[in-house]
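So the structure is just underneath, and the comments pick up after that.
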Amino acid sequence: LLEKPTSIQPLNNLNKLLNGVEIYVKREDIQTLGLGGNKLRKLEYLIADAKEKGADVLIASGGVQSNNTRLTAAAAAKYGIDCEIVLTQAVSKTDEDYLENGNILLEKILGVKTHILAKGEKAADFIEKRVSELTIENKQPYIIPLGSSSPVGCLGYVSCFKEIIEQSNQLDIHFDEIIVPNGSGGTHAGLLAGMKALEVENVHIKSYTVLAALEDAVNTTFEKAKSTLELIDNTIYLTKEDVDI
């Protein structure tokens, strides 16, 4: 789903103001498929898993303006797999721009079947029912997890960590810290698993929670990083103290 490594760019104007601190940004947003974004790396592994399991319908969920469902729709269109998205009304916005524009509009163009749930309705309950209906129709549904952040999806950011290290060597720059937002925890978990798997000790990974309470974010990220490492090498040791949020 990614055509090439995403670039790493210095924030030159900001760095002039920071007196010895240098900030670079990895441009995960500049990709050709579906307007880009960090979920594509995770979907590379999830789509491969779905194809290997013979799936013919992808089911993804998120808020009304979910980037994950938009990119799942784009990946499904690229590979000719049917796609259904389940959207919850998680915020108070109800205006036309929010409910009919942006990612919703792109998903309509991409031809997916959209289910917008009533407020308070749980996506997990709806998906369970929908999977049963599709199975009766002899379909093979595959559930894309929230944020594409299952252990399989997190492998995308194991790969990304390796890419960052290769690019830092090419640029002859040592990055002391890699900092990301933490929503579903998958990006942080994948990077942490990548650091442990490659035995890199001079880079620190930290995140800021943008969704869950701190303790919940730590627990979720730890479990996902641990499960991701088990897919690579179950002898690699990880502790909760490795998770800095």
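The values are calculated or read from the model by the stated rules, or taken from the named source; none is laboratory data. A quick note: this is a predicted structure, and the numbers were derived from the prediction, not measured. We place every Cβ from the backbone using ideal geometry, glycine too, and count neighbours over all the protein chains shown. Keep in mind that these areas ignore ligands, DNA and RNA; they rest on the heavy atoms of the full protein, side chains included. Shrake-Rupley method; radii C 1.70, N 1.55, O 1.52, S 1.80 Å.
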Check: How would you rank 205-216, 81-92, highest first, on the average number of other Cβ atoms within 10 Å across their residues?
Finding: 81-92, 205-216
Item checked: Neighbour cut-off at most 12 other Cβ (10 Å), DSSP loop, trypsin sites (Lys or Arg not before Pro), region 118-192 -> 119, 122
Item checked: residue 42 accessible area, assembled protein chains, probe 1.4 Å, Å² -> 0 Å²
Notebook entry, point to check: According to the square roots a ≥ b ≥ c of the eigenvalues of the Cα gyration tensor, what is the shape class of region 1-109, taking rounded for a/c under 1.5, prolate for a/b larger than b/c otherwise, and oblate for the remainder?
Noted result: oblate
Item checked: region 129-245 - percent of accessible surface contributed by carbon and sulfur, probe 1.4 Å -> 51 percent
Notebook entry, point to check: Could the peptides 185-194, 95-104, 217-226 be put in order, highest first, of the mean number of other beta-carbon atoms found within 10 Å of their residues?
Noted result: 185-194, 217-226, 95-104
Next item on the list: Report, in degrees rounded to the nearest 10, the 0 to 90 angle that the Cα long axis of helix 151-171 makes with the longest principal axis of the chain.
Entry: 30 degrees
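Of the listed pairs 119/224; 4/240; 113/162; 78/108; 26/119, which have alpha-carbon separations greater than 24 Å here?
119/224; 4/240; 113/162; 26/119
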Check: So how tilted is helix 186-197 from the main axis of the chain? Cα-based, degrees 0 to 90, rounded to 10.
Finding: 50 degrees
Note to self: Computed from the coordinates I sent, Rg and Dmax of the Cα atoms in Å equals one of (i) 21.5, 61; (ii) 18.8, 63; (iii) 20.4, 66. Tell me the label.
What the structure shows: (ii)
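Taking R0 as 51 Å, what's the FRET efficiency between residue 122 and residue 21 from their Cβ-Cβ distance, rounded to 0.05?
So the FRET efficiency works out to roughly 0.75.
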Notebook entry, point to check: In whole percent, how big is the carbon plus sulfur part of the accessible area of region 14-70, probe 1.4 Å, protein atoms only?
Noted result: 52 percent
Margin query: As I understand it, the value is the acute angle between the Cα axis of helix 214-232 and the longest principal axis of the Cα atoms of the chain; what does it come to in degrees, rounded to 10?
Written below: 90 degrees
Item checked: Structure-based [θ]222 nm, the chain - -39500 (n - 2.57) summed over DSSP H runs of at least 4, per residue, nearest 500 -> -14000 deg cm²/dmol
Checklist line | Residue-normalised accessible area of the chain, expressed per residue, 1.4 Å probe, Å² | finding: 54 Å²
Next item on the list: Evaluate the charge dipole of region 154-245 about its Cα centre and quote only its size in Debye, nearest 20, assuming +1 on the Cβ of each Lys and Arg and -1 on the Cβ of each Asp and Glu.
Entry: 240 debye
Margin query: Which of rounded, prolate or oblate describes region 109-188 when judged by the alpha-carbon gyration tensor and an a/c cut-off of 1.5?
Written below: prolate
